[in-house]
Structures are given as structure tokens and as C-alpha cells.
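Student: Please see the structure below; I have some questions.
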Amino acid sequence: MIRARVREVRIGVTAVFPEDQVGMLHLWRNWLEDRLRRPVAFVTRSSYREIVDMVRAGQIDFAWICGYPYVRYQRELRLVAAPLWQGRPLYRSYIIVASDDARSSLLDLEGRVFAYSDPDSNSGYLYPRHALISAARDPDAFFRRSFFTWAHRQVVRAVAEGVAQGGAVDGYVYELVATLEPKLVARTRVIQRSPWFGHPPVVARHDISAEEFRAFFQALAMMSSDEQGRSLLRAMQLDGFVHAEQSLYSQIAEMMRADAAFRSSRRLAKS
Amino acid sequence: MKPNLRPLGGLSLRYKIPLRVTALVVLVAVAVTVAIVARQAQQTREDLDAYSVSLARALANTMRSYLRHDDVWRAYEIVVAAAADAGAPSVSATPVIVTDAEGRVFVSSRPREFPVGARLADLGPDFAAFAGTRGSDGAERTVAAAGDRLFYAAPVVVDGVRIGEVVLIASTAALWPRYMEIVRQATIVTVLTLLILLPASWFWARRTAVPLIALAGAMSKVPAKLDDIGTEALPDTGDEIGHLTRAFRDMLQELKRKRELEERVIASERLAAIGRLAAGMAHEINNPLGGMLNAISTYRRHGGGDDLALRTLALLERGLTQIRGLVGALLVETRDSDRPIGPEDIGDVLLLVAPEIERKGGHLVRHVMLDVPRPLPARQVRQVLLNLLLNAAHAIERGGCVRVEVAERNDFLAIRVQNDGRHISEDKLQYLFEPFALAGAEGSGLGLWIVYQIVQQLRGDLTVESRPGLTLFAVDLPLSAATERPRSKDERSPAVVSD
């Protein structure tokens, strides 16, 4: 009867983690329920924006989102932790083409069809745009056509199946999918890797109680110190979750500002 | 024999009817198969058209929001799912292409083949032809054929504005495996049907042919081997073949009767010729014979002469008298002055013959039903009865039986003499009534000849039937001229029956 009155912890998950891994999320939820001694519910939506809006509005308590929306809305969110991938809380963006495609860089894809993952993704949208702007190209005119697949895994599919000739994808998700669906990933090839960025963080709504914040952070931080947690981390190909500072995402914030500047300069040029 | 120009003309019905029935069955089966295949092929095409048009319309509805929101990926997932739809007919229209308002590929289920952003009309001559079928009059075409492709199109319309089009493409070549599958299935069914029908039809056709063949086989024996023809095995059905069989049987009986008649005529003519010859010779012999006997008699009466001459004359007289007896026997004559035959005459004859039979330990069974004299010459009827009874007495084995019957029946005097002794062989029956026919056997060889002559002279009827264990002579003599059997002259010959 006491448990029934205890409110569940609602955690949003975006495509920074392959959202179709329902079984893995289920195990993670069970593990978290054990740690937190509270019911846990994972919430998934079809785009980053919906999850980000929900955590900003306080409809969910925590969310695993991309660094890009975090830096954009950091005043409305509280940074909880960043995952450790290959020993560091960092990841990078991959530009991929079909495995039988001879192109070797993003700039070779001019006039082609390009697949972005999500307009709120750093690796799948902000970085490739920034790379084009840096190379003095207009990212909105460079490709003949571009579209969003709303998930990193689907970018891999779009490129593998030929809907797009190139795509931008989260390097961590790409490597994870490579072990889960090697046949799919084998039909693609990485032609460009971005510099290292802060790995998509776990954030909390800004009005989260100190007690809940601490409990959830400790649960994540303790994952690597128990057998079940390590087994989960192995499946997720992560080494653990660590405390993260805002500064980890400064490069993303830099690119965001550059992109905004480009947009406003173009608006001025038009008018 | 004229040359046979028809290929099957010379073939037996045994094969011809089954072959024709088989050909007909095969023809019908093939025709039915072709009709089924044609219908199935048409149905396949109709199913494809109906399914594809409805799928195109449904997709066009779904595509409205994706086209407006420029959401290539979600549109792609929909068209891929639609193209792989398990509920589709065996041949479905794929790929699926969605174009935008300018006729460029918005998305397709086969992006490598039909890339995003390409102009539909640039994808190939068939596509150019299809693109050319629209727009001239502004009307939308739902189904169009160009080259070896079938196009199914549905416009994507939002608020009256055409913002794109869903195009499904089927290859007519893709229909062929389906058609071949239909043909294969229909062929299997046809072959199975034929496997059941052919033996049955062959069997029934053979059943139709067999009576005709039997009839033809029987007819081929006419007229040479009439006795070899067994009519029992011939079909006795109610149909035309049955009529034919009955007509054939009638014809066969008529032929046998005719042959019998001819044989009797020949026998009769031969006996008549012998009779004429015997009568003529007897007449020619009797004249000088009478003169010679008179001369011997006259010589004796006048006496004289030596002993040797008298002995020689006696020898001559005995020889001449024997010749006269023999000639008299050959020349059987009726004497009108004879008295009518009565029961006592029959009794006399039986009395005469009885010792002959008893001598062999046999017995005589008599059925005499004659109470009053009848108007037939007594001497000759006695002669007939005596000869027949003596023959019978000779024929029986020790302890055998002779049966005699004399009765008046329908104005005929019927005489039946039967014995259970040695029967008369068939070759002897042919010449039974000719003089000296049984030469070498006991008796004079003239007994039956005399019987025949007498029966002839009395206009009666004589038949003999002989088989192992039974020999029967039957004599029917008319008691008045009115009851004489109305027979032609040819028929006056003894009927001979043998088994």
C-alpha cells in the first residue's frame, strides 16, 4: 500500500540510444527499480524534441538527450551524468555512405540526397551543418535534398538501402548497431569522423528535488560496481556514468552559436 | 483392292472406336484446360489491377501528410511496407513510387533503382511513355500500359490541389511465372482427369466395339462355315446391334434351311434317277428274260433231248429265275387291287420278326393302335414294316431292344421303328436308301431301297434319325389323297437326321 502511493520515476529516452532495444531498456528499468526502490517508467517518443519538451515542462523527471538540446536549454535543465564510452565521456559524429560508394568526404556529397537523424541532434544534424559552413558551403543548398529519419539507426538504413547517398550518425549508436545488426552496418562505410564531443548527457527537470537527483545520480554512478549493472553496461557498450560539467559541451555550444550566426547572416543577406 | 486413302480406314473398330473416343476426351480436356487457363490468367490480371488501384489510392491518402511535411523517411517506411505487403495477390505491383507535384521521385520503395529527386520521365522509355499519357487532357489515368510495364496511378490531392502522385509499377513479364504456374496446375489436373477418364472411355469404347467385332467375325464365316458360327455369344441387346444380331440369326437359319433343302433335293434327284434307271433296266431285262424262260418251258414240254441238255437247261432256268427275282425286287410296283391293311397284318409281321429278336435275347416293345382296316395296300405296308423290323433286329446287340409303334394320327398312318443297337454313321446315312448302299453287310442290300420306293409310291414321308444308342425310322403314310402333305416334288426324299 505504501508502494502504491510512491510516484514512479519517469525517464525519457531519445534516439541517442537505439530506442528499438526494448529488451535492454526493460532490464535497465528493473535494475533501476531495485536501486531506487521506486517504480521506474521509460518514456520514448518519435523525436528528440518531444522528449526535450517533456522534461522542460516537468512531465518527466529525467531524460537521456543529446548535447545539442542540452546546451540550448541548459538553463531549464540540470545535468545529471554523462556516459563513459571507451573510457571517456566523449563521442563523435560519423559521415557514412553506402559500402559500394567511392566518395571519401562530406564535400563529395554535393548535389546528392542526405539523411540527417534529427534536427535536435548534434552528431546527426548540427555537426554536418557546421562542417559545411566551415567549408564555406550553404548547408541548406549543398544537398539536392535532405530529410530526417528521426533516429540514428534509421540513417544507417536510409544509406544502406539507397534512399540517401550520405548520412550523419552518432558514432556510439553506429558502433552499437554494428554489433547488433552487423549485416545492416556492413552495407555502409564511414568516410569522415568528427572531433570528439561531450557524450549525450542524462539531464533532470530543473525543479527536481535534491533527494531524487542524488538518488538517481548515485544509481547511475553505481552501475559499474555491481554485476547486473556491469552486464547491462556491457550490453550498452558503455563503461559507466560519471558526473559531467557544463564545460564538456562547450564545443557543441560553439557550433550552435556559429550555426545561428550563419542563419541570421543569410536572413540579412536575403532581406 | 482399291487403295485406302483414309489413314484409319483399314483399322479395326477394336482400335478405331477407342482411339476416336480417346481423341475426343483429350480434345475436350485440352479445351477445358485452355478455357480455365485463359480465365485464370484474366482473373490474375483483374486481381492485380483491382488490388493495385486500391493500394495506390490508399497510399495516396496516406502520402498527403508526408508530402506536405516533406517527410521522406516516414513515406519511405510506408511504401516499403506496402511493397512487401503479404496480403497482396501472387503478383503485385512493385515498386511503389511517390512523385511530387513536379513529377520528381519524392520517395520509392526501390531507391537505388528509382532515386529520390529523379524525374519520373527520365527513368526509362516506358516511364516517359507513361508520363506522356497524362496531362494532355488533365484527366488522371488509373491504369496504363507502356512497354512491358503496367502503371497504376493515384493522385495525391490536398484541398483540391494535386501535390503528387502514387505510381505502382508491375512488369507484365512478372505475370508470366504466374501464368506458367496456372498452366502447370491446370495441366496436372487435366492429366489426372485423363488418367481417370481415358481407361474408362477406352473400356466403354471397347465395349461398344466388341459386339460389332463379334458380329463381323461371325459374318465373315458366311457362307462357307455355317456350322462353325456360334450365335450364343453374339450381343442380344435392345439397340441397333441387337437388331442386327437378330437379323443375322434369322439369315443364318434361312441359309441352313436352304442348304438342307438343297441336300434333300440332290438326294431325291439321285434316288429318282436310280429308280428310273432300275425301272428301265428291269423292263429291258424282263422282256428277253420272259422269252428265255418260255423257251426253256416249251423245250421241256416237247420232251426229248439228252440228259446233259436237261441239266444245262435246269441250270439256266434257276439262274434266270434268280435274275427275275432280283429285277422284281428292284422294280417295286403298287397293285391297286391290293386289299386294305388291317390290324391282323401288323400282328402277322410282328409274329414273323419276333423269333429273330428273341434269338439275340432282345425284346420287342409294341404300341399298335390300329383297330380297323385302313385304305392302304396291305402287302406293301407289310413289306415296309417287315424290312424296317428285320433291319432293327439285325442292328441290336445281345439283349437289345426294338420298339415299334403303329398308329393313326391326323389322317396319317404313322409307323415308328426304333432300336438301341449300332447307329448308322453319317457318311452311310447319305446313301442309306440307295440300292446296295450297305453292300457287304448282311441282307440283300435292297431292303431300304424297297421301303423308300413303297413310301414314295404311297406319297408318304420317310425320315431316319441315328445317333449312338438310338436309331429311329419314321414313316408317315397319308390315308387319303386329301391329307397328302402339300409338298413340292423336290421334297420327296427321305429326311436324314444324324447326330
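The values are calculated or read from the model by the stated rules, or taken from the named source; none is laboratory data. In this text, all values refer to a predicted model and were calculated from it rather than measured experimentally. Methodologically, a virtual Cβ is constructed for each residue, glycine included, from the backbone with ideal geometry; neighbour enumeration extends over all protein chains shown.
Student: Scanning for something outside any strand (DSSP E or B), crowded, with 24+ Cβ neighbours inside 10 Å and touching a Gly at 6+ places or on another chain (Cβ under 8 Å), does the range A:102-113 turn up at least one residue?
Tutor: Taking the range A:102-113 first, the residues outside any strand (DSSP E or B) are A:102-112.
Keeping just the survivors that are crowded, with 24+ Cβ neighbours inside 10 Å gives A:109.
Narrowing further to those that are touching a Gly at 6+ places or on another chain (Cβ under 8 Å): A:109.
Checking the range A:102-113: at least one residue is outside any strand (DSSP E or B), crowded, with 24+ Cβ neighbours inside 10 Å and touching a Gly at 6+ places or on another chain (Cβ under 8 Å).
Student: Does the range B:120-127 include one or more residues that are surrounded by fewer than 17 Cβ atoms within 10 Å (Cβ to Cβ) and either within 13 Å of chain A (Cβ to nearest Cβ) or acidic (Asp, Glu) (or both)?
Tutor: The answer is yes; a qualifying residue exists.
Student: Taking residue B:441, is it more than 21 Å from residue B:263 (Cα to Cα), part of a helix (DSSP H, G or I) and at pLDDT below 85?
Tutor: Here the answer is no, as residue B:441 does not meet what is asked.
Student: At pLDDT below 80 and surrounded by fewer than 16 Cβ atoms within 10 Å (Cβ to Cβ): which single residue out of B:81, B:145, B:88, B:101 fits that description?
Tutor: One residue alone meets the criteria, B:145.
Student: Still on this model: Here are A:145, A:157: which of them is surrounded by fewer than 22 Cβ atoms within 10 Å (Cβ to Cβ), farther than 30 Å from residue A:216 by Cβ, basic (Lys, Arg) and touching a residue at least 12 places away in the same chain (Cβ under 8 Å)?
Tutor: On the way: A:157 fails: surrounded by fewer than 22 Cβ atoms within 10 Å (Cβ to Cβ).
The unique qualifying residue is A:145.
Student: Taking the range B:61-88 on its own, how many of its residues are under 23 Å from residue A:46 (Cα atoms), part of a helix (DSSP H, G or I) and either away from chain A (no Cβ under 14 Å) or of a type outside the set (S, T, N, Q) (or both)? Give the steps one after another, and end with the answer.
Tutor: Looking only at the range B:61-88, we keep the residues that are under 23 Å from residue A:46 (Cα atoms), and these are B:61-82.
Restricting the remaining residues to those that are part of a helix (DSSP H, G or I) gives B:61-69, B:72-82.
Filter again for either away from chain A (no Cβ under 14 Å) or of a type outside the set (S, T, N, Q) (or both), leaving B:61-64, B:66-69, B:72-82.
Count: 19.
Student: Residues being more than 13 Å from residue A:31 (Cβ to Cβ) and touching a residue at least 24 places away in the same chain (Cβ under 8 Å): count how many of those fall in the range A:221-249.
Tutor: Residues in the range A:221-249 being more than 13 Å from residue A:31 (Cβ to Cβ) and touching a residue at least 24 places away in the same chain (Cβ under 8 Å): 12 in total.
Student: Moving on to the next point. Looking at B:427, B:420, B:411 in this structure, which one is acidic (Asp, Glu), more than 26 Å from residue B:260 (Cα to Cα) and either touching a Lys or Arg at 6+ places or on another chain (Cβ under 7 Å) or surrounded by fewer than 16 Cβ atoms within 10 Å (Cβ to Cβ) (or both)?
Tutor: The unique qualifying residue is B:411.
Student: Sticking with this one: Residue by residue through the range B:393-406, note down the ones that are modelled with pLDDT of 90 or more and among the aliphatic types (A, V, I, L, M).
Tutor: B:402, B:404, B:406
Student: Step by step: first the residues of the range B:28-60, then only those that are buried (at least 18 other Cβ atoms within 10 Å of the Cβ) and either touching a strand residue (DSSP E or B) at 6+ places or on another chain (Cβ under 7 Å) or within 14 Å of chain A (Cβ to nearest Cβ) (or both), then the one that is nearest to residue B:153 (Cα to Cα). Which residue is that?
Tutor: Ranking the candidates gives B:56 first.
Student: Answer yes or no: is there a residue in the range B:297-307 that is under 30 Å from residue B:409 (Cβ atoms) and modelled with pLDDT of 85 or more.
Tutor: Within the range B:297-307, none of the residues are under 30 Å from residue B:409 (Cβ atoms) and modelled with pLDDT of 85 or more.
Student: Filter the range B:162-217 for residues that are touching a residue at least 24 places away in the same chain (Cβ under 8 Å) and not in a helix (DSSP H, G or I) and give the result.
Tutor: Passing the criteria: B:162, B:163, B:164, B:165, B:166, B:167, B:168, B:169, B:170.
Student: Check whether at least one residue in the range A:199-207 is out of contact with any helix residue (DSSP H, G or I) (no Cβ under 9 Å at 6 or more places or on another chain) and farther than 30 Å from residue A:115 by Cα, and report yes or no.
Tutor: Scanning the range A:199-207, I find at least one residue that is out of contact with any helix residue (DSSP H, G or I) (no Cβ under 9 Å at 6 or more places or on another chain) and farther than 30 Å from residue A:115 by Cα, so the answer is yes.
Student: Give the residue that is surrounded by the most Cβ atoms within 10 Å (Cβ to Cβ), with candidates limited to residues of the range B:267-320 that are farther than 22 Å from residue B:432 by Cβ and among the acidic types (Asp, Glu).
Tutor: At the first step, the residues of the range B:267-320 found to be farther than 22 Å from residue B:432 by Cβ are B:280, B:283-320.
Going one step further and asking which of them are among the acidic types (Asp, Glu), we end up with B:284, B:306-307, B:317.
Numbers: B:284: 11, B:306: 8, B:307: 7, B:317: 15.
The qualifying residue surrounded by the most Cβ atoms within 10 Å (Cβ to Cβ) is B:317.
Student: Still on this structure, please answer the following. Going residue by residue through the range B:325-345, is there one that turns out to be basic (Lys, Arg) and either outside any helix (DSSP H, G or I) or in the same structural domain as residue B:433 (by TED's automatic domain parsing) (or both)?
Tutor: Within the range B:325-345, one or more residues are basic (Lys, Arg) and either outside any helix (DSSP H, G or I) or in the same structural domain as residue B:433 (by TED's automatic domain parsing) (or both).
Student: Which of the residues that make up the range A:75-101 are in a strand (DSSP E or B) and over 20 Å from residue A:178 (Cβ atoms)?
Tutor: Across the range A:75-101, the qualifying residues are A:77, A:78, A:79, A:80, A:81, A:82.
Student: Residues in the range A:34-43 that are charged (D, E, K, R) and assigned to a loop (DSSP other than H, G, I, E, B): how many? Reasoning before the result, please.
Tutor: The initial filter retains those residues of the range A:34-43 that are charged (D, E, K, R), namely A:34-35, A:37-38.
Subsequent filtering for residues that are assigned to a loop (DSSP other than H, G, I, E, B) retains A:37-38.
Total meeting the criteria: 2.
Student: Across the range B:444-475, which residue is modelled with the lowest pLDDT among those that are farther than 16 Å from residue B:402 by Cβ and in a loop (DSSP other than H, G, I, E, B)?
Tutor: B:444
Student: Now for a separate question. Test residue A:164 against the stated conditions and say whether it is over 17 Å from the mean Cα position of the chain (by Cα), under 25 Å from residue A:112 (Cα atoms) and hydrophobic (A, V, I, L, M, F, W, C).
Tutor: yes
Student: Just one of B:351, B:388 is closer than 20 Å to residue B:420 by Cα, of a type in the set (A, V, I, L, M, F, W, C) and at pLDDT 85 or above; which is it?
Tutor: The unique qualifying residue is B:388.
Student: What number goes with the only condition from (1) in contact with a strand residue (DSSP E or B) (Cβ under 7 Å, 6 or more places away or on another chain); (2) at pLDDT 85 or above that residue B:191 does not pass?
Tutor: (1)
Student: Of these, A:101, A:120, which one is at negative phi and within 14 Å of another protein chain (Cβ to nearest Cβ)?
Tutor: A:101
Student: Quick one: which helices (runs of 4 or more DSSP H) lie wholly within the range A:129-244 and hold at least 1 residues that are more than 14 Å from every other protein chain (Cβ to nearest Cβ) and over 30 Å from residue A:98 (Cβ atoms)?
Tutor: Working: elements: A:139-142, A:152-160, A:171-180, A:182-186, A:210-221, A:227-236.
Helices (runs of 4 or more DSSP H) meeting the threshold: A:210-221, A:227-236.
Student: Sticking with this one: Give the range A:44-68 a look and list any residue that's part of a helix (DSSP H, G or I), within 23 Å of residue A:32 (Cβ to Cβ) and within 15 Å of the chain's Cα centre (by Cα), or say none.
Tutor: Once the filter is applied, which keeps residues that are part of a helix (DSSP H, G or I), within 23 Å of residue A:32 (Cβ to Cβ) and within 15 Å of the chain's Cα centre (by Cα), the range A:44-68 yields A:48, A:50, A:51, A:52, A:67.
Student: Hey, another quick one. Just need a number here: residues in the range B:164-180 that are at pLDDT 85 or above and either over 18 Å from residue B:98 (Cβ atoms) or out of contact with any Lys or Arg (no Cβ under 7 Å at 6 or more places or on another chain) (or both).
Tutor: 6
Student: In addition: Looking at the structure I just gave you, is residue A:190 surrounded by fewer than 18 Cβ atoms within 10 Å (Cβ to Cβ), within 20 Å of the chain's Cα centre (by Cα) and not charged (D, E, K, R)?
Tutor: Spelling it out, residue A:190 is indeed surrounded by fewer than 18 Cβ atoms within 10 Å (Cβ to Cβ), within 20 Å of the chain's Cα centre (by Cα) and not charged (D, E, K, R).
Student: Pull out all pairs, ordered by first then second residue, where Cβ-Cβ is under 8 Å, the residues are six or more apart or on different chains, the first lies in the range B:96-117 and is within 10 Å of chain A (Cβ to nearest Cβ), and the second is of a type in the set (Ser, Thr, Tyr) and in a loop (DSSP other than H, G, I, E, B).
Tutor: These pairs meet every condition: B:109/B:94; B:110/B:94.
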